[in-house]
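Undergrad: One structure, as structure tokens, below. Some questions next.
The values are calculated or read from the model by the stated rules, or taken from the named source; none is laboratory data. Computed from a predicted model, the values in this text were never measured in an experiment. For neighbour counting, all protein chains shown are included, and Cβ atoms are generated from backbone atoms with ideal geometry for every residue, glycine included.
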Amino acid sequence: MKTIGLLGCIDLPSTMHYLKGFDFWKDRLDLDDSPKIAMRSGDYENITSLRRANRWDDIADEAVKGATAVKNAGADFLVMATSLMDKVANRVEEYAKIPVLRITAPTVAAIKSYNIEDGSYEGAVDGDAALLIGTKWTMEESFLIDEFKNNNISVAVPDAKDRDDLEEMRKAPKSLPEQAEFFRIAHRYYRQVVIIGCLNFNPFFNSDTWLIERHTNHLGKTVLFFNMADLHIRAAVKRAAEKSL
């Protein structure tokens, strides 16, 4: 088995979700051995304050230090357990000299496996094929959208009011009315593909380890929801097992 380098960086629940997910997919993929993990966790408050100050060079430096530490501990490739750090992935890979499995890559592969040529239905406000729902910050920054675009998948985000409403849902305890409102927002943009970029929305779906779910919108059309984090986790376990598969 290859060794996964895990860079927690942000918060403990996200890091724990990745660790539990590695174990879950080891069993689901019927692997004899668990993936080896070299882990470095970060300071949530420090990273958050640096982000708010737009100090991305300092965030990149912190990520490079963490990536170098897990590489020196034997990691063969790096997984960053947050979409936020994907913004500095290229710099991490260049300066830490370790391959980065980007959080967007498995979702790109999954979407392309469905051969979706036009992901929007009649009524869509623009020509983007997919809708991204995540934290307010990731929806308003362009780095994830740009990464999908670089892989020939055009992505839109909800409007300002819906972004604000989604941010409140993300922070609050989940309820059936909130679930209904979440899917109302997701469906009203007439997209066949919706990318979920935040683990806090997992309770609205059928399991905590879901990958792709089919839902039906108000037009009776199928909408495919892609779980970016858990697709990332499964891909990391499969990559770690490549030598033994």
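Undergrad: Can you tell me which condition Gly21 does not meet? The list is (1) surrounded by fewer than 19 Cβ atoms within 10 Å (Cβ to Cβ); (2) in a helix (DSSP H, G or I); (3) of a type outside the set (Asp, Glu), and all the others hold.
TA: Single failed check for Gly21: (1).
Undergrad: Can you report the number of residues in the stretch 83-136 which are more than 24 Å from Val237 (Cα to Cα) and at pLDDT 90 or above? Full working, then the answer.
TA: Start the filter on the stretch 83-136 by keeping residues that are more than 24 Å from Val237 (Cα to Cα), which leaves 95, 115-133, 135-136.
This time we only want the ones that are at pLDDT 90 or above, so: 95, 130-133, 135-136.
Residues in the stretch 83-136 being more than 24 Å from Val237 (Cα to Cα) and at pLDDT 90 or above: 7 in total.
Let's see how each residue does on (1) without any contact (Cβ under 8 Å) to a residue 12 or more places away in the chain; (2) surrounded by 16 or more Cβ atoms within 10 Å (Cβ to Cβ); (3) more than 18 Å from the chain's Cα centre (by Cα):
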site	(1), (2), (3)
Lys26	no, yes, yes
Ile37	no, yes, yes
Arg40	no, yes, yes
Asn46	no, no, yes
Thr68	no, yes, yes
Lys71	no, yes, yes
Phe77	no, yes, no
Val88	no, yes, no
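Undergrad: Looking for whichever is closer than 17 Å to Met228 by Cβ and among the aliphatic types (A, V, I, L, M) here; the options are Leu84, Leu12. Which one fits?
TA: Result: Leu84 is the single residue among Leu84, Leu12 that is closer than 17 Å to Met228 by Cβ and among the aliphatic types (A, V, I, L, M).
Undergrad: Go through the stretch 69-106 residue by residue and tally those that are among the hydrophobic types (A, V, I, L, M, F, W, C) and in a loop (DSSP other than H, G, I, E, B).
TA: The number of residues fulfilling the criteria is 6.
Undergrad: Can I ask one more? Please go through the stretch 139-155 and pick out each residue that is part of a helix (DSSP H, G or I) and surrounded by 17 or more Cβ atoms within 10 Å (Cβ to Cβ).
TA: Listed by number, the residues that qualify are Met139, Leu144, Ile145, Glu147, Phe148.
Undergrad: Output yes when any residue across the stretch 195-213 is at pLDDT 90 or above and of a type in the set (Asp, Glu), and no when none is.
TA: Yes, the stretch 195-213 has at least one match.
Undergrad: Of all residues in the stretch 49-61, count the ones that are surrounded by 17 or more Cβ atoms within 10 Å (Cβ to Cβ), closer than 19 Å to Thr135 by Cβ and within 20 Å of the chain's Cα centre (by Cα).
TA: Total satisfying the criteria: 2.
Undergrad: Let me ask you something else. Just one of the numbered conditions (1) charged (D, E, K, R); (2) buried (at least 21 other Cβ atoms within 10 Å of the Cβ); (3) at pLDDT 95 or above is not true of Arg191; which one?
TA: If we test Arg191 against (1) charged (D, E, K, R); (2) buried (at least 21 other Cβ atoms within 10 Å of the Cβ); (3) at pLDDT 95 or above, just (3) comes out false.
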